[in-house]
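Enquirer: Take this structure, written in structure tokens, and hold onto it; I'll ask about it next.
The values are calculated or read from the model by the stated rules, or taken from the named source; none is laboratory data. Values in this document were obtained by computation on a predicted structure and should not be read as measured data. Positions of Cβ are backbone-derived with ideal geometry, glycine not excepted, and every protein chain shown enters the neighbour counts. Heavy atoms of the whole protein, side chains included, go into the accessibility calculation; ligands, DNA and RNA do not. Shrake-Rupley method; radii C 1.70, N 1.55, O 1.52, S 1.80 Å.
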Amino acid sequence: MSSSPLPPPLQQQRHPGYEEERLRRVAEQLPCREVQAGMLLSLMGEPQQYSLPCIFIYGHRASGKSYVVNVLLKELELPHATISCAECITAALLFEQVLLALFGGDAAATLPRYPSLSDFVRIYRHHRSRAPAEQTRYIVLEKAELLRDMDANLLSVLVRLQELVEDNLTVLLLSELVWDTFRPNTGCLEPLPLHFPDYTKAELHQILSRDRHPSYSADLYASYIHILLGIFYAVCRDLRELRHLAALNFTKFCEPVTEGKAKESDTHKLWRNIEPHLKKAMQTVYLREVSSLEWEKMQQVETETGPLRGLSAHTHVELPFYSKFLLIAAYLASYNPARTDKRFFVKHHGKIKKTKFLKKNEKTSNHLLGPKPFPLDRLLAIFYSVVDSRVAPTASIFSQISSLVTLQLLTQVSHVDQLDAPKYKCAVSMDFICAVSRTVNFDIIKYLYDFL
Amino acid sequence: MSKRKAKGASKPIGECISQLQKCLRERLCHNRIPSQLEASEAQHKHLLGLLQRTANNGESNSVLIIGPRGSGKTALLKCVLRDLLQEKEVQKNLLQVHLNGLLQTDDRIALKEITRQLNLENVVGDKVFGSFAENLVFLLEALKKGDRSTTRPVLFVLDEFDLFAHHKNQTLLYNLLDVSQSAQAPVAVVGLTCRLDVLELLEKRVKSRFSHRQIHLLSTLSFTQYLEQVASQLSLPDDFPDREFALDWNSSMRRFCEDKSVEGILQRHFNSSKDFCSLHMLLMLCLSRISTVNPTIKPADILEASRLCFSDAKSNMLHGLSILELCLVIAMKHLNDVYEGEPFNFQMVHNEFKKFLQRKSSSVYNFEQPVVMKAFEHLQQLELIRPVDGSSAKTQREYQLMNLALDSSQIIEALHKYPQCPTDIKQWGMSAFG
């Protein structure tokens, strides 16, 4: 969108009809979004002039879509209704919010109990004729992709609402998705798509450096942000997430300085100190495996320097002895082809031509394609051969199978009411099953066809 | 613009620009009815004649206006209505009911709306009707007792006509068309739709009551006409407050439209779509750049505007992906090439990515599987990959089958534009096989 290297500042000459002072305040609040704000302002035109019926603003998460729009509308004091479609789960709530924001409580109260689109448009027109728009009214819909799941016609109506209510009105749709995924079957009025590009690395650096800690120098914080971006930029460009991570890890970064072990200018030392922490953060906080609170606690304690505790919660499931073997058997049944069972589990399996047996290609690797369903009989047969002791097929074994299903470690593929020969699938990951088999001293890799 | 400032009589430039914006914005954004429609003269005459006969002679009619979106169906109807209402007699007599398939989503709502628009709420009061038909007939009957001894004609306009065909039993359509067939009250039913197969949607009993009069609005615009349209859309009317400014502007717009580069851009737009909506959007983008600093539309403006209009949204989104996500997209592209568009799952993509990393033996992009999974899920949220229909929720996330909703040309374009794209990744993306 930026054709010129220097974005034009928001001046009154370019955007007449707005006070210079307000434009300046807007520009101050919108770092690195001058081009987009200017573009939007010039599309909006002077307050009393008509604008496009619908503008579709799309861009990645945290690229400032809602922020720019809201700052513009608030600072310039234009009549608007900002609605998050995640909050308004029904169309009725949405109508109420729009009428409340644009015409006040009286208008919202006149909505019937289950308002149809027709009611909404009728009431809007009624109030519009009472209070004609002196300035363009704006309806801002955040997370507009959720509109697709609401009433079938809602999106088509909103897009051409200007025409339907005959008002000076502009609908702004904000979304992370592209317009192509919105278009209804028979099409509708096409809105103007406006792209908010992602922040560049330099811009991210600039914005993140803004919220520095008052007791440390700006340079220190800037170098911290530099390190943070160095690690996380390849994975995450979400400004909000980066900001959260920055706030969370800053005390750790400053520790050497506060303890007097290093000076602020000792960037290399500080970097060595923080880097492993940030890498750890990527595997924990970033994945939401631990909450921010837990993470802070972990940082404070930090006595045992052992390997990272198995972070995934799944590795800590405690199971009965036979359940573990049942699960192992289920895993083997899911990932090994049935024809290889003879080779793995029968003592005197006769001659199998090795070349023929080993001939396999990657395409059929079950660890790529996913688990296959297997019948109960096969599961039990494998189970008996992997358990050392003799086990009787008692009710307790069967009930353990169904509790594995309840725990969602197995899934039942066949229909629930099919009682004879039910089919299952193993739904655990490779890491999990390896951990389980280690606890019972069973080398599962030796029994997996894919790893032969 | 020093020449302009020298003339004391004319208004200041800022005010002129403001007036200009107001005038043109109303035309481009608000779809103000044009003074006349050049392209659809015959259709206009046809429809006007039809409605006049209903309004003046009490003849019942039904007609469908069919044309793709943005072909000027509503504009045609509005023009006709404006011309029709110029007659005093008609203005006094004719009642209009405007229904929209998007708003009146079932027949009950539609009937309520009809009652409201005919101002018959008081007449109906608390009456209970046995059937839809009874209600409608009552409404029309009520009109007979108007101020004149004869019945007032009613014009029903059904926008998005095809949606009414989805109502239960098509009761509304059946009754309206039935009234228009029988010699009850004079009624004209005008349907507007973009579906060419709309008649197929009608039930037999409804279809047989329809007059089968159709007005097709298929754009036969040639490029020269299209250019004239552009010029007329941009020119200022004669009643513009500042005559001199208007003349200046109009001549500059004429020059603008004759410019070779502008013509090229417009030709490109013309080839992709002839409808007025997309043209209005392009011109609106140009118009929004007008200010006192930049008082006329220059060829550079339209170039920029058309670049915005034609920019591919998905490539734009690819531009903002992180390196890891981009790597996954490339891996998917390779899988698509190798397996000829078969769906893939996360494990396959990750495997492909790991193969690339092994070749490079660089550990820069060595991420844990959950981190990669999070990137994969982000792609799914962005709907750049879509789960295959019918793959049940029972399968694990890693093995859910996906389809790539991107074209390989989009990926290549994104790779070219990607800021600071590492060379090895670029090469990997460009190579035909991973």
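Enquirer: Evaluate the charge dipole of region B:38-216 about its Cα centre and quote only its size in Debye, nearest 20, assuming +1 on the Cβ of each Lys and Arg and -1 on the Cβ of each Asp and Glu.
Expert: Computed about the Cα centre, the dipole is about 220 debye.
Enquirer: Hey, if we sort A:340, A:90 by accessible area with the 1.4 Å probe, largest down, what's the order?
Expert: Details: A:340 0, A:90 65 Å².
Ranked from most to least accessible, the order is A:90, A:340.
Enquirer: Return the calculated 222 nm mean residue ellipticity for chain A, to the nearest 500 deg cm²/dmol, obtained by summing -39500 (n - 2.57) across DSSP H runs with n ≥ 4 and dividing by the residue count.
Expert: For chain A, the value works out to -13500 deg cm²/dmol.
Enquirer: Non-local amide H neighbours of residue B:214 (under 5 Å, H modeled in plane, Pro and chain starts lacking H): which ones?
Expert: HN-HN under 5 Å from residue B:214: B:64.
Enquirer: Something else about it: Among B:54, B:395, B:220, which one shows the biggest mean-square fluctuation in a GNM of chain B, springs joining Cα atoms closer than 10 Å?
Expert: It is B:395.
Enquirer: Can I ask one more? Taking the alpha carbon gyration tensor of region B:38-216, what are the square roots of 5 times its eigenvalues, largest first, to the nearest whole Å?
Expert: Result for region B:38-216: semi-axes of 24, 21, 14 Å.
Enquirer: If you line up the Cα atoms of region B:237-295 on their principal axes, what length do they span on each, largest first, in Å?
Expert: 37, 25, 23 Å, listed from the longest principal axis down.
Enquirer: Could you tell me the calculated FRET efficiency between residue B:83 and residue B:413, based on Cβ-Cβ distance and R0 = 60 angstrom, to the nearest 0.05? It would help to have the intermediate numbers written out before the result.
Expert: On the way: r = 49 Å, r/R0 = 0.82.
Calculated transfer efficiency: 0.75.
Enquirer: Relative to the compact-globule scaling 2.2 N^0.38 Å, provide the ratio for the alpha-carbon radius of gyration of the protein assembly as shown.
Expert: For the protein assembly as shown, the normalised Cα radius of gyration is 1.17.
Enquirer: Just the number, please: buried accessible area between B and A, total of both chains, 1.4 angstrom probe, nearest 100 square angstrom.
Expert: The B and A chains share an interface burying roughly 6000 Å².
Enquirer: Just to be sure I follow: if Rg is taken over the C-alpha atoms of region A:1-139 and Rh is the Kirkwood radius over the same atoms, what is Rg/Rh? Show your work: numbers first, answer last.
Expert: Numbers: Rg = 16.9 Å, Rh = 16.7 Å.
Ratio value, two decimals: 1.01.
Enquirer: Report the calculated FRET efficiency for residue A:405 and residue A:384 (r = Cβ-Cβ distance, R0 = 25 Å), to the nearest 0.05.
Expert: Rounded to the nearest 0.05, the efficiency is 0.80.
Enquirer: For residue B:388 and residue A:146, FRET efficiency with R0 = 35 Å and r from the beta-carbon atoms, rounded to 0.05? Intermediate results must be reported in sequence, preceding the final value.
Expert: Details: r = 23 Å, r/R0 = 0.66.
Once rounded, the FRET efficiency stands at 0.95.
Enquirer: Where does the Debye-calculated log10 I(q)/I(0) of region A:319-451 sit at q = 0.12 Å⁻¹, using only Cα point scatterers of equal weight, no solvent?
Expert: For region A:319-451 at q = 0.12 Å⁻¹, log10 I(q)/I(0) is -0.46.
Enquirer: If you don't mind, there's one more thing I want to ask. Could you tally the net charge around residue B:90, taking each other residue with its Cβ under 12 Å from the Cβ of residue B:90, Lys/Arg +1 and Asp/Glu -1?
Expert: Net local charge, residue B:90 excluded: +2.
Enquirer: Tell me the chymotrypsin sites (Phe, Trp or Tyr not before Pro) within region B:298-399 that lie in a loop according to DSSP and have at most 12 other beta-carbon atoms within 10 Å.
Expert: B:339
Enquirer: How far, in nm, would the chain grow between residue A:414 and residue A:293 when pulled straight, counting 0.36 nm per residue and subtracting the alpha carbon separation?
Expert: Between residue A:414 and residue A:293, full extension yields 39.3 nm more.
Enquirer: Another question, if that's okay. Rg and Dmax in Å for chain B, alpha carbons only: what are they?
Expert: For chain B, the Cα radius of gyration and maximum Cα-Cα distance read 29.8, 94 Å.
Enquirer: I've got another one for you. Can you compute 3J(HN,Hα) from phi for each residue in region B:87-96, using the Karplus curve 6.51 cos²θ - 1.76 cosθ + 1.60 with θ = phi - 60°, rounded to whole Hz and x for Gly and Pro?
Expert: With the stated coefficients, region B:87-96 comes to 6, 4, 4, 5, 4, 6, 8, 5, 9, 10 Hz.
Enquirer: For every helix of n ≥ 4 consecutive DSSP H residues, a contribution of -39,500 (n - 2.57) applies; sum these over chain B, divide by its total residues, and give [θ] at 222 nm rounded to the nearest 500 deg cm²/dmol. Can you show the working numbers first?
Expert: Numbers: 23 runs with 242 residues, N = 434.
That comes out to -16500 deg cm²/dmol.
Enquirer: Within the set of other residues whose C-beta is less than 11 Å from the C-beta of residue A:199, count the net charge using Lys and Arg as +1 and Asp and Glu as -1.
Expert: Value of the local net charge: 0.
Enquirer: Please report, as a whole percent, how much of the solvent-accessible surface of region A:319-451 comes from carbon and sulfur atoms (probe radius 1.4 Å).
Expert: Roughly 58 percent of what the probe reaches on region A:319-451 is carbon or sulfur.
Enquirer: While we're on this one: To the nearest 10 degrees, how steep is helix A:65-75 against the longest Cα principal axis of chain A, on a 0 to 90 scale?
Expert: Its long axis makes an angle of about 30 degrees.
Enquirer: Now a separate question. Between the helical axis of A:321-335 and the dominant principal axis of chain A, each derived from Cα atoms, what acute angle in degrees is found, rounded to the nearest 10?
Expert: It works out to around 70 degrees.
Enquirer: Please work out, to two decimal places, the log10 of the ratio I(q)/I(0) at q = 0.11, 0.13, 0.15 Å⁻¹ from a Debye calculation in which every Cα of region A:201-316 carries one identical scatterer.
Expert: -0.36, -0.51, -0.68
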